[in-house]
Amino acid sequence: MESYFTSLTALQQQSGTDLQQGLSPETAAERLQQYGPNAITGKRSRSPWMIWLHQFKSPVVYLLLVAAGMSIFFKEWLDAIAIGIVILLNAVVGFVMEFQAERSMEALQKLATQMAKVIRGGKLQEVPSEELVPGDIMVLEAGDMVLADGRLLSATNLQADESALTGESVPVEKEPGELEENTPLAERTNMVYKGTFIRKGNAHVLCTATGMQTELGHIATMVAGAVKSATPLEKKLESFSKRLIGITVIIVLLIFGAGLLNKVPVLEMLKTAIALAVAAIPEGLPIVATLALARGMIRMARHQVIVKKLSAVETLGATTVICTDKTGTLTENQMEVTAASVPSGEVDLASPPDAPDFKQLQLVAVLCNNASLDDKKGIGDPLEVSLLEFARDTGADVARLAADFPREKEFPFDSDTKVMGTLHRSGNGYLVAAKGAIENLMPLCTQVFKDGGPQPLEEGDKKTWLAQTDKLAASGLKTLGYAYAERSTADGEFMQELVFTGVTGFLDPPRKDVQQVIRETHTAGIRVIMLTGDHPATAANIAQQLGISKDDKVMNGKDMGKDPEQWLGIPVFARVSPAQKLDLVQALQERREIVAMTGDGVNDAPALKKADIGIAMGIRGTQVSQEVADMVLKDDAFSSIVHAVRQGRVIFENIRRFIIFLLSCNLSELLVIGLIATFNFPFQLFALQILFINLITDVFPAMALGFTEGDDTVMQKQPKDPKLPIISKKNWAVIWGYAAIICAAALGAAFMADSLRGTSDPGAANNVLFFTLIISQLLHSLNMTTGRERFFRGPVIRNPYLWGALGLSLGVTLLCRVVPPVAEALRLQDMSGEDWLVIAGCSIASLLLIRLMALFVNR
């Protein structure tokens, strides 16, 4: 319904909503059935049928079809049927991997469900955004994403970022009221729209449209049609594959020419060349990589880490600096007021006094507060919830105080001012309640509540209170100051000439596992920098407990200045503003650091976006921070960041593993065929045999290598530069070495078998060569260890998927030997026990030689 020009009375009647109580849960459920979920219908996922057809749109398939066509033309029916089976098997394997990868990515997208705050049945509740319905009363505050279109019922200093909808980069001032019909979308100041962000203030909003009926829904087709850009890793793989195809074509042409010079039949050499091209090009590489990434991201999700972008996985493994918040990330975020001081002295919380100054502190703590309490739990910021619990537990009637002093205005908390204030009606006048960092709040105060009433606040009093706060902070407590003022009118600036009434200390203990995790990051070559808005003494205490800092040296935000050289080596920053966080990120990146930055507030968004890895908090983080971040911590825990870094390294290492495995196996086949063609050996590999080897050794073992878990050595290596290629020059040298050993083992086995027989038998030599190549390549997968990984107790040997893949591949190979039609197509014949001993011996020899080479290279 068009609602921006409708009167609120008419709008209320149309919606059937009680503007104080909201919808009842029963009515909300009925409307959810009527209007459907509050979701934008995006681009549909590909159907299984489309994924199946996609398997045949490949240069590899086109090459195989050419080979099959040539076989039919020359009436070699058995070859044609066998190639057709290879095409079908290749499509089945490709379909399974691509289907799994697509479903894995869909599962990941469903993990980041956003919650909406609504008033239903007179109570503030959190519901999944999909369950919002027209008529709901939405409660919005700074940092929230607007999850449905709505009309403002009330607003305080409200600003919305509507750039996603209108393109307007400057936040728009919003206020309740009525507008004229046909007011342009960008000028509808009494409305908020789905997909936009609240930058400042708070509001109560009547939901007027959900899902596809929202303004965002109207342009959903444009959003759905957007082309997904490739990640840096995908671009690297694409560039790598193109270069490999070029190299392969040149080698295959040389082998084809050598075969013709040695008078090998043209048809046989052409089919061999096509089979070689198919075998050498790792066509499944992008899908296997995507599957490894998706599986790794799902594993991260089980550890409370939602990675929103595939590109973030590569960057995670290269992270060199983690800039982290203190509260809730390094600490438990289980706030509890454990100390309080008022002008009449320190408060014994076990038996709180009945003093006027303490009563005044309780009042301010309850009124200057956006949280709420119910029978089960508090809803809102943990610090504000703890303040309500503190007031309740020390004898205050929280509900009555809130009812006796209804709120009129709010001066929202700001990361720069570090102060929050509210204005309340009090009898015939007004009461101001304020709280904030004491060094920011004190300059706003001219009096102190002493001896039952306001008294002048002298400079000596200010120093005494600052010293008292320092004492609390030095013991590891988070501190907060409180003030109030009485006003006769609601007009004018109300955050001035306040009466100071006391300070509290909150205990927020360090998380139990963080100290060990900090040590792990240092071992991994990652520096940890703690950024907090807390008092410097509190920051220093926690940093020393956790091992982030060895002394009490802390950089105060007000002392940072403009010269990065003065603060780049410091591990702890206190009282920092969002702008200073951004400056720190830029300074670190200019020094070629890969920076991960945590944040939870709306003002943290620029720093999160600028960082190489932006990390938003899932519990206390605003929806704005979660939207711009690359990953979200569902449990807000620092250990989850380090787990994600570890998993990122494991994933990238696994991608490197199966690329090295694929290349060394494929190049070994090229070397074998090339040497046979060049030196005109009496035996050779046939086209179908090459295709079969490629199918058996490339698919399942390579995919299983992508599922290797990694071990402790992963976090004992220095971070890798993400700008470097996936396969370095050293890797290429190792790959050619591996390929040469497998080639030598296979050709050596063929010649050895002939020698033991005392006569040349090209068919038997071919079979020995064929089986030795397969078994050598399968065993070669066990050599894919890296760095300091052990062989017998390393992650590759302990990979159950790899053993399953090896068993399956070997079983299929032996089955083909005993099934007559398949054996005939692959030109397999009976072999002696000596032949099998040669195959086993040479295959094991290749494993041992590569193992020795790997040990030498890793050292």
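All of the numbers you see were taken from the coordinates with simple rules; none came from a lab. Treat the numbers as computed from the prediction; the structure is a model and nothing was measured. We place every Cβ from the backbone using ideal geometry, glycine too, and count neighbours over all the protein chains shown.
Put simply, when 474-484, 596-606 are sorted by average Cβ atoms within 10 angstrom per residue, most first, you get 596-606, 474-484. The angle separating the long axis of helix 578-590 from the principal Cα axis of greatest extent in the chain is about 30 degrees.
Counting only alpha carbon atoms, the long axis of helix 232-261 and the longest principal axis of the chain meet at about 10°. Helical content of the chain, expressed as a calculated mean residue ellipticity at 222 nm, amounts to -15500 deg cm²/dmol (DSSP H runs of 4 or more residues, -39,500 (n - 2.57) each, divided by residue number, nearest 500). Positive-end ranking of V266, G481, F411 along the dipole of the chain, with charges on Cβ about the Cα centre, is headed by V266. Cβ crowding within 10 Å ranks Y430, Y801 as Y801, Y430, fewest other Cβ atoms first. Relative contact order of the stretch 341-507: 24 percent, from C-alpha pairs under 8 Å at least 6 residues apart in sequence.
I'd like the trypsin sites (Lys or Arg not before Pro) in the stretch 356-398 restricted to DSSP loop residues with at most 15 other Cβ atoms within 10 Å, sorted by number.
Passing sites in the stretch 356-398 are K376, K377.
Taken along the Cα-to-beta-carbon direction at a fixed 7 Å, the label points for S344 and T9 span 5.1 nm. Each of M631, C842, A318 was placed along the dipole of the chain (beta-carbon charges, centred on the mean Cα), and the one lying farthest toward the positive end is C842. Computed about the Cα centre, the dipole magnitude for the stretch 631-750 is approximately 360 debye when only Lys and Arg (+1) and Asp and Glu (-1) carry charge, each at its Cβ. The dipole here belongs to the stretch 341-507: it is taken about the Cα centre, uses +1 on the Cβ of Lys and Arg and -1 on the Cβ of Asp and Glu, and is about 180 debye. This model, with +1 at the C-beta of Lys and Arg and -1 at the C-beta of Asp and Glu, gives the chain a dipole about its Cα centre of some 3580 debye. Of the chymotrypsin sites (Phe, Trp or Tyr not before Pro) found in the stretch 714-754, not one falls in a DSSP loop while having at most 10 other beta-carbon atoms within 10 Å.
Restricting the calculation to Cα atoms, the chain yields a radius of gyration followed by a Dmax of 34.4, 116 Å. Given the C-alpha centroids of the stretch 707-765 and the stretch 529-567, what is the distance between them in whole angstrom? If you average the Cα positions of each part, the centres end up 50 Å apart. Exposure proxy shown here: for L132, L152, the number of other Cβ atoms within 10 Å sets the order, fewest to most, as L152, L132.
Only loop residues by DSSP count here, and only those with at most 12 other Cβ atoms within 10 Å; note down the GluC sites (Glu not before Pro) in the stretch 448-496 that meet that.
The qualifying sites are E458, E493.
Contact order, relative form, for the chain: 12 percent (alpha carbon pairs under 8 Å, 6 or more residues apart, mean separation divided by residue count). Compared with the dominant principal axis of the Cα atoms in the chain, helix 729-757 is inclined by about 30°. When you count the other C-beta atoms within 10 angstrom of each residue and take the mean per peptide, 583-592, 121-130 line up highest first as 583-592, 121-130.
Looking only at the chain, where both bridge partners belong to it, what percent of the DSSP beta bridges are antiparallel (to the nearest 5)? The antiparallel fraction comes to roughly 75 percent.
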